1. Given R₀ = 35 Å, what would the calculated FRET efficiency be for Lys53 paired with Ser28, taking r from the Cβ atoms and rounding to 0.05?
2. At 1.4 Å probe size, with every protein chain present, just tell me what the per residue accessible area of the chain comes to in Å².
3. Working out 0.36 nm times the residue gap between Asn126 and Leu95, then minus their Cα-Cα distance, what length gain in nm do you get to one decimal?
4. What cysteines in the chain have no other cysteine with a beta carbon less than 4.7 Å from their beta carbon?
5. Could you grab the relative contact order for the chain? Cα pairs under 8 Å, six or more apart, rounded to a whole percent.
6. Ordering Arg16, Arg169 by how much accessible area each has at a 1.4 Å probe, largest first, what is the list?
7. Alpha carbons only, please: Rg and Dmax for the chain, in angstrom.
8. Place a point 7 Å from Cα of Val17 in the direction of its Cβ. Which residues in segment 51-86 have their backbone N less than 16 Å from it?
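The values are calculated or read from the model by the stated rules, or taken from the named source; none is laboratory data. Keep in mind that this is a model prediction, so the values were computed, not measured. A quick note on method: Cβ atoms are made from the backbone with ideal geometry, for glycine too, and the neighbour counts reach across all protein chains shown. What goes into the accessible areas is simple: the full protein's heavy atoms, side chains included, and nothing from ligands, DNA or RNA. Shrake-Rupley method; radii C 1.70, N 1.55, O 1.52, S 1.80 Å.
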Amino acid sequence: LKTVQGCDSIFILNLRVHNNYSQTLNASICQGQSFSMNGKSYAAAGTYADTLKTASGCDSIFILNLSVNPTYSQTLNASICNGQAYLMNGKSYTLAGSYADTLKTSSGCDSIFILNLSVNPTYTHNLSADICQGQSYTLNGKSYAVAGTYADTLKTVQGCDSIFILNLRV
């Protein structure tokens with residue numbers, strides 16, 4: 001540039017270029033959890049961008065790739081006969097009730113198993129009978145003519161044992 005008198009004017013510009021920053025973060029959470037970044041919470045899977053200013057006033061961009069791993073809940077209704085045990089995840093259950101067991105998935109999320117267990121009864125019937133010599137006694141389709149103690153096992157509607165013990169006297 002020239003001054004009014006025609007002399008040269010020299011302007012010196014010291015220009016500093018500051019960098020913009022960009023950072024990508026890959027993260028995963030379990031279903032029902034949230035992920036916090038720069039004061040914001042995210043609970044749904046997706047890609048999120050957030051722009052902040054550096055100390056020098058330049059943009060600093062954060063990109064979040066968020067994945068949400070599933071959690072599982074399974075309810076199992078089961079029944080056993082009295083005197084039996086039900087095994088679930090290495091644990092043995094013998095009493096009626098609801099039982100919850102929490103395991104971790106391969107991604108570290110909770111997997112909840114609920115067992116509703118019922119215990120069906122078993123029955124023992126003791127019978128005493130007297131017959132005359134030459135007669136027979138019929139129990140559950142079987143005939144007995146000799147004195148002694150006899151046991152017969154039948155299944156209930158629920159599949160449990162129902163034991164009949166016959167003491168027969170001649």
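1. The pair Lys53/Ser28 has a calculated efficiency of 0.75.
2. Solvent-accessible surface per residue comes out at 70 Å².
3. Roughly 8.6 nm would be gained on extension.
4. So far as the 4.7 Å Cβ criterion goes, Cys7, Cys58, Cys132 stand without a partner in the chain.
5. Values: 302 pairs, mean separation 26.6, N = 170.
Over the chain, the number comes to 16 percent.
6. Working: Arg16 190, Arg169 125 Å².
The most accessible residue leads, giving Arg16, Arg169.
7. My reading of the Cα-based Rg and Dmax gives 40.6, 153 Å.
8. 58-59
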